[in-house]
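Structure record follows, encoded as structure tokens.
Every read-out reported here was derived from the displayed coordinates using simple, explicitly stated rules and does not represent laboratory data. Since this is a predicted model, take the numbers as computed values, not measurements. Here the Cβ positions follow ideal geometry from the backbone for every residue, glycine too, while neighbour counts run over all protein chains shown.
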Amino acid sequence: MNARSIHPAAWIAWATCAGTVAFLTTDPVTLLLLWGVSWFVYANHRSDDDHARSFRVFVTGAVVAVVLRTALVFFGTISVANTAFSFLEGFRLGTILVIFGTFNAVTDPFGLVRMAPRHFHEPALAAALALSIAPRTVASVGRVREAQRLRGLTVRGARSLPALAVPILERGMEEAHALAESMDARGHGRGRRSRYRPQPWTGASSAIVATAGCAAAAFLSASAGGWAVLHPQTSPLVWPETAPILVVAVALLAVPGLLGRHAG
Amino acid sequence: MSVALRFEDVTFTYPEGGRPALDDVALAIPEGSFALAVGPTGSGKSTLLRAANGLVPQFSGGTFAGRVVVEGRDTLAHPPRRLADVVAFVGQDPGASFVLDRVEEELAYGMENLGVDAAHMRRRVEETLDLLDLVPLRSRSVRTLSGGERQRVAIAAALAAGPRILVLDEPTSQLDPQGAEDVLAALQRLVHDHGMTVLLAEHRLERVAGWVDLALGFAGGRVRTGPPADVLRELGTGPPVSRIGAIAGWDPLPLTVREARRFAGTAPMPEPPIAARDGLGDPVAEVRGLRAGYASADAIRDLDLVVRGGEVVAVMGRNGAGKSTLLRVLAGVHPPSAGDVRVGGVAPRPGVDAALCPQEADDLLFNDSVEAEVRATLVARGETGDAGRWLDALGIAGLATRHPRDLSAGQRLLVAIAAIAATDAALLLLDEPTRGLDTPSKDRLVGFIRRHAGRGNAVVLATHDVELAAAVATRVVMLAGGERIADGEPAAVLGDSRVFAPQMTRVFGHGWLTVEQVAEAIA
């Protein structure tokens, strides 16, 4: 079994459900569990080094988001309650980023293009190109840094920014232009389309959609029912309570990690 | 015979202005031709190739006059996508053309756009995978492929779409000699058996001259069409066999080793020259028990190597033999997993003890002039020194004020080499340094490497270019599967090989490497 055996649509469903759960709560235990679940899924499905690097970038971005959001408190009244509130808001944002990073690392964005209905082919392709930018840019940063090191330039600090940014931006522009040319020259947009070996829907894909759906449903009902555990109070600051049913729901999001460990 | 591709009085100028890239070009390429575009860098070859499916002017912009007709369709009236069923194009940077992620899907992309039915598509993908020997790569991600693999996948993807005309810009620049031979043989079969038309640009004439039946000779935007021997004679260029043929006055001018042997057989040859092995300095690089690689596999296994000052070592071997990894280890940017690597007695510091010009040379360039590019290296060394000296050394002083982006791929490579050499490291490492270089530029590079080594530096180059190794190397190290399988003087190592022997060895026998040596002997 390999990563391909999970249909891209199942990954979209998983990411949407996990994102919904993160969006609905500021409970630190739930959010922390979501980081763990994301890492578990990523570790069992990552496809190659480029994706691994881009996942690390998303995690770094998430940590930065948490820190920045928490730091916002310095622009207002500084109190324990305010800081805790800001931190939890930031934690939620960071969690959503980590989930997106996982999605980005485990799916082949172009697999998504293949499954899009014919009328949605164009927007799907645009989305896939956008999704592929993160891993491409990360790979490009690594290459350019190394190239500059080779001639004794240390790429660090603001003064050396051009040495890094100029080749990356120029290459990015050239690549985008070359890609547009290539697509046109290879007949993209002629109107007729057929599909090469469409990916089959598998039992694993159904299991992922079902379990992720349950997780999201649990949080949606909790939110609709106004459960206090979703948003622990910060003023006064108390240790958050957790509802066992919601912990189980988050655990369901780890199911993809149990299905189809990627070989190689 | 009907015409596959016709240019009618085409004059084209890029939006930046200046001299026309194509100047009143009129030519017709008959169906079933195997045509070669030949001429110096910047003479309009790539522009003409890109005009064949309308990318010029439809994507480039610029001023276009005249008409290009492909299988009866005017390229101004039909956007490139409307020509995709008859003409396929593979550009200089094969990686840039990839749209999808997996090799197999990349091959199917063109057919999907043309609406080929699923069963037919499946069969054609399998056939094309076989034709270019890509079956082991079928489910790999295109981003993880080596340069040579990318090149074969790009050609396969173009072929799979089933075009009547295939246009290729330097299709063998990253392939090893055997890989290049296989690709050209596959193309010839399509030309002979299926009447496909192939038009390619290539600087490594020794690889292609024997295969083609029509040549387009480029000089300053003007193009002359004719039999390959005539066009090459007029341009004063050609593979080593034609260059020696021109010197010896052979007529008709030979294009292949076979043709040249008919003339050479009649002339008695003196004893071949013996390479001078004196003047070698102290060891610059010392490698002991080296093992290096990536998570998945070792690229280098148990290698010992000593390179002395004054030596020019050519590291050769098929795609994936471990050449680039060895260079990266010597440069100090790839940590060895076992063994000891010393350059100048210490673990190599990149840009100080060893300097490497990587295959993706464009990654280096970030300044707005060629001169500033070299100066950036000097400043990093804390020098205010003379950038001009390095530009002179590589024969690119005339480009000093130009923006690197506006140069041809070959010219940018020379700029990158100058920027790397300006570190003045005692060990200079060059990874595939002749991609996109025309014969005069290559001669200048050879001169530079000789002078650089003559000053006591060591040079190690990884290359597929047999003629470059024959011209400049004092020693050849052959790698296979990460292990050294041969090491010695070029005459011995290259001369013994069926695949890597330079043309002069094939024609005149063991010991003869370059046109200069033979010309001197028969003069």
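The table that follows gives values for the structure above.
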{"quantity": "Per-residue [θ]222 nm for chain A (sum of -39500 (n - 2.57) over DSSP H runs n ≥ 4, rounded to 500)", "calculated": "-23500 deg cm²/dmol"}
{"quantity": "Volume in Å³ per residue [convex hull over Cα atoms, computed for segment B:193-289]", "calculated": "263 Å³"}
{"quantity": "Span per principal axis, largest first, for the Cα atoms of segment B:448-515 (Å)", "calculated": "33, 32, 17"}
{"quantity": "Spin-label pair B:Arg138/B:Ala295, simplified geometry with 7 Å Cα→Cβ offset, distance in nm", "calculated": "2.6 nm"}
{"quantity": "Mean projection area, nm², convex hull over Cα of segment A:165-264", "calculated": "14.0 nm²"}
{"quantity": "Efficiency of FRET from Cβ geometry, B:Asp487 and B:Ala521, R₀ 22 Å, rounded to 0.05", "calculated": "0.20"}
{"quantity": "Neighbourhood net charge (10 Å Cβ-Cβ; Lys/Arg +1, Asp/Glu -1) for B:Ala393", "calculated": "+2"}
{"quantity": "Equivalent ellipsoid dimensions for chain B as semi-axes, Å, which come from the Cα gyration tensor, largest first", "calculated": "37, 27, 25"}
{"quantity": "Quotient of Cα Rg and 2.2 N^0.38 Å for segment B:283-488, N being how many residues it contains", "calculated": "0.98"}
{"quantity": "Distance between segment A:194-264 and segment B:474-523 - C-alpha centres, whole angstrom", "calculated": "65 Å"}
{"quantity": "Net charge of neighbours whose Cβ lies under 10 Å from the Cβ of B:Arg405, counting Lys and Arg as +1 and Asp and Glu as -1", "calculated": "-3"}
{"quantity": "Distance (nanometres) between label positions extended 7 Å along Cα→Cβ at B:Asp23 and A:Val63", "calculated": "6.0 nm"}
{"quantity": "Folded to 0 to 90 degrees: helix B:409-421 orientation relative to chain B principal axis, Cα", "calculated": "10 degrees"}
{"quantity": "Built amide H within the under 5 Å cut-off of B:Ala215, gap 5+", "calculated": "B:Leu36, B:Gly226"}
{"quantity": "³J(HN,Hα) computed for each position of segment A:228-235 - Karplus, 6.51 cos²θ - 1.76 cosθ + 1.60, integer Hz, glycine/proline x", "calculated": "5, 4, 5, 10, x, 6, 10, 9"}
{"quantity": "Angle in degrees between helix B:118-131 and the longest Cα principal axis of chain B, rounded to the nearest 10", "calculated": "40 degrees"}
{"quantity": "Under Karplus coefficients 6.51, -1.76 and 1.60, residue-wise ³J(HN,Hα) of segment B:159-174 in Hz, glycine/proline x", "calculated": "5, 4, 5, x, x, 7, 10, 10, 10, 10, 9, 6, x, 10, 4, 10"}
{"quantity": "Magnitude of the charge dipole, the protein assembly as shown, Cβ model with Lys/Arg +1 and Asp/Glu -1, debye to 20", "calculated": "1240 debye"}
{"quantity": "Rounded D (µm²/s) - chain A, Kirkwood Rh over Cα pairs, Stokes-Einstein at 4 °C, 1.567 mPa s", "calculated": "63 µm²/s"}
{"quantity": "Rg to Rh quotient for segment A:31-95, alpha carbon positions, Kirkwood Rh", "calculated": "1.12"}
{"quantity": "FRET efficiency, 1/(1 + (r/R0)^6) with R0 60 Å, evaluated for A:Val247 and B:Asp386 via beta carbons", "calculated": "0.30"}
{"quantity": "Dimensionless Rg/Rh of segment B:262-393 - Kirkwood Rh, Rg from C-alpha atoms", "calculated": "1.08"}
{"quantity": "Axial C-alpha extent at least 20 Å, average Kyte-Doolittle at least -1.0 - helices from chain A (DSSP)", "calculated": "A:8-24, A:28-45, A:49-71, A:80-106, A:121-150, A:161-185, A:203-224"}
{"quantity": "J(HN,Hα) series, segment B:67-84, from Karplus relation 6.51 cos²θ - 1.76 cosθ + 1.60, nearest Hz, glycine and proline x", "calculated": "9, 10, 10, 10, 6, x, 10, 6, 6, 7, 8, 10, x, x, 5, 7, 9, 4"}
{"quantity": "Helix B:103-114 vs. chain B, principal-axis angle (Cα, 0 to 90°, nearest 10)", "calculated": "20 degrees"}
{"quantity": "Under-5 Å amide H pairs with B:Val315, H placed in peptide plane, nonlocal only", "calculated": "B:Leu461, B:Ala462, B:Thr463, B:Val477"}
{"quantity": "Residues of segment B:20-60 with amide N under 19 Å of a point placed 7 Å along Cα→Cβ from B:Arg73", "calculated": "B:29-32, B:49-60"}
{"quantity": "Two-decimal ratio, segment B:3-246, of alpha-carbon radius of gyration to 2.2 N^0.38 Å", "calculated": "0.98"}
{"quantity": "Among B:Gly179, B:Leu5, B:Ala77 the positive-end extreme of the charge dipole of segment B:3-246 (Cβ point charges)", "calculated": "B:Ala77"}
{"quantity": "For A:Gly152, residues with placed amide H under 5 Å, excluding near neighbours", "calculated": "B:Gly351"}
{"quantity": "Three-way shape call for segment A:87-179 based on the alpha-carbon gyration tensor, with the a/c threshold at 1.5", "calculated": "oblate"}
{"quantity": "For the protein assembly as shown, alpha-carbon Rg relative to the globular expectation (2.2 N^0.38 Å, N residues)", "calculated": "1.06"}
{"quantity": "Segment B:74-186: radius of gyration and largest Cα-Cα distance (Dmax), Å", "calculated": "13.5, 41"}
{"quantity": "Spherically averaged projected area of segment B:122-198 from its Cα convex hull (nm²)", "calculated": "5.0 nm²"}
{"quantity": "Segment B:1-84 - Debye-derived log10 I(q)/I(0), Cα point model, q = 0.12, 0.14, 0.22 Å⁻¹", "calculated": "-0.32, -0.44, -1.09"}
{"quantity": "Cut-off 13 Å between beta-carbons: net charge of the residues surrounding A:Thr102, Lys and Arg +1, Asp and Glu -1", "calculated": "+2"}
